[in-house]
Amino acid sequence: MEFVNIKDKKEWQYNNQFLQSWLWGNFQQKLGRKIWRLAIRENGKIIVQALIIKNQLPLGFSYLYCPRGPLFQDNYNKEGLELLINKIKYIAIKEKAFFFRIEPLEKIDFIFLNRKIPSIQPNQTTIMDLSLPEDEIFKKMHSKTRYNIHLAKRKGVTIHESDDIECFWDLLKRTTKRENFKSYSFVYYKKLLDCTFTKLYIAKYKNKILAAHLIIFFNQTAFYVHGGSSREFRQVMAPHLLHWHIIKEAKNMGCNFYDFWGVDEKKWPGFTKFKMSFGGEKVVYPGTFDLPFSSFWYTLYKVGKSIRY
């Protein structure tokens, strides 16, 4: 086995997760973050690869983050992962990073998996199969959801593709305050919408924008990663029609899946009930884990976070 620092996009082989894609690495660089595209090669083939992102902390410290990765050629390879971790430890010293955060797609046998933390990316989602005929996709939805889609059409709700990031930001701020979850900065969403793999869709009623969804299209999957809505005119069910429009458009674009991105009955009961009413299959990931490189600074970091929250 040998370590490889990937510089050529053609060598970046496993692109089934947009958070581990070459494009996502480019987006992180646009945000001013340092990245590494690391891989382990065996017999001429890459068996493990990982996009690593440096996240800055106070006092010049940082941590290294691998969202939805590392990715393995076939099955989990412990020896390959250990070699990768050793390289990450070396990078951590140079970058003053005192822990490594990992979000594997599958269960892996590694010592730091006893340090599970609250998930950064949602560790549960619901995914719709868009390879089915459109009428079958519609039939799999809850009867109330189908009714609400028809209702929104009758009421005159219209759906449009848009570049109005300010409107999206306004709706998102209202939603995060109402539902008690965090958002990124305005600049983050503006730069994300500038990416070629992202589209913004809005639902309008009586010339007012009631809902806006930021969708990432990647590897034949449409990801509903960010969205906001207004309480005004709730009775016209604009978000239902907005999702249905995007689902149909994603299918017409050749997508095989529609990923609602985050569900959790305890944390977001309202969101979860709404998303699952569209009839997708629930998927659960192992979670988020930390590998501390310095016990002292990691403990101090955890204490500081607990005080802040």
State all residues of region 244-266 that are touching a residue at least 24 places away in the same chain (Cβ under 8 Å), over 18 Å from Phe197 (Cβ atoms) and surrounded by fewer than 20 Cβ atoms within 10 Å (Cβ to Cβ); if no residue qualifies, say none. Lys248, Asp264
Is it the case that Lys144 is of a type outside the set (Gly, Ala, Ser), out of contact with any Gly (no Cβ under 8 Å at 6 or more places or on another chain) and not in a helix (DSSP H, G or I)? no
Among what's in region 71-90 and is outside any helix (DSSP H, G or I) and surrounded by fewer than 20 Cβ atoms within 10 Å (Cβ to Cβ), pick the residue that is farthest from the chain's Cα centre (by Cα). Asn77
Going through region 126-184 one residue at a time, which ones are farther than 23 Å from Lys199 by Cα and charged (D, E, K, R)? Asp135, Glu136, Lys139, Lys140, Lys144, Arg146, Arg154, Lys155, Lys177, Arg178, Glu179
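Conditions (1) in contact with a Pro (Cβ under 8 Å, 6 or more places away or on another chain); (2) assigned by TED's automatic domain parsing to the domain that holds Tyr258; (3) assigned to a loop (DSSP other than H, G, I, E, B), marked per residue:
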site: Lys10; (1), (2), (3): no, no, no
site: Trp36; (1), (2), (3): no, no, no
site: Ala50; (1), (2), (3): yes, no, no
site: Asn55; (1), (2), (3): no, no, no
site: Gly69; (1), (2), (3): yes, no, yes
Can you pull out every residue in region 168-225 that is small (Gly, Ala, Ser) and either farther than 25 Å from Val157 by Cα or surrounded by fewer than 20 Cβ atoms within 10 Å (Cβ to Cβ) (or both)? Ser183, Ser185
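Can you give me the number of residues within region 16-26 that are out of contact with any Lys or Arg (no Cβ under 7 Å at 6 or more places or on another chain), under 15 Å from Asn219 (Cβ atoms) and outside any loop (DSSP other than H, G, I, E, B)?
Within region 16-26, residues that are out of contact with any Lys or Arg (no Cβ under 7 Å at 6 or more places or on another chain), under 15 Å from Asn219 (Cβ atoms) and outside any loop (DSSP other than H, G, I, E, B) number 3.
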Does Leu214 meet the test of being at pLDDT 95 or above, more than 14 Å from the chain's Cα centre (by Cα) and part of a strand (DSSP E or B)? no
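The values are calculated or read from the model by the stated rules, or taken from the named source; none is laboratory data. These numbers were taken from a predicted model, which means no experiment stands behind them. FYI the Cβ positions are ideal-geometry reconstructions off the backbone, even for glycines, and counts take in every protein chain you see.
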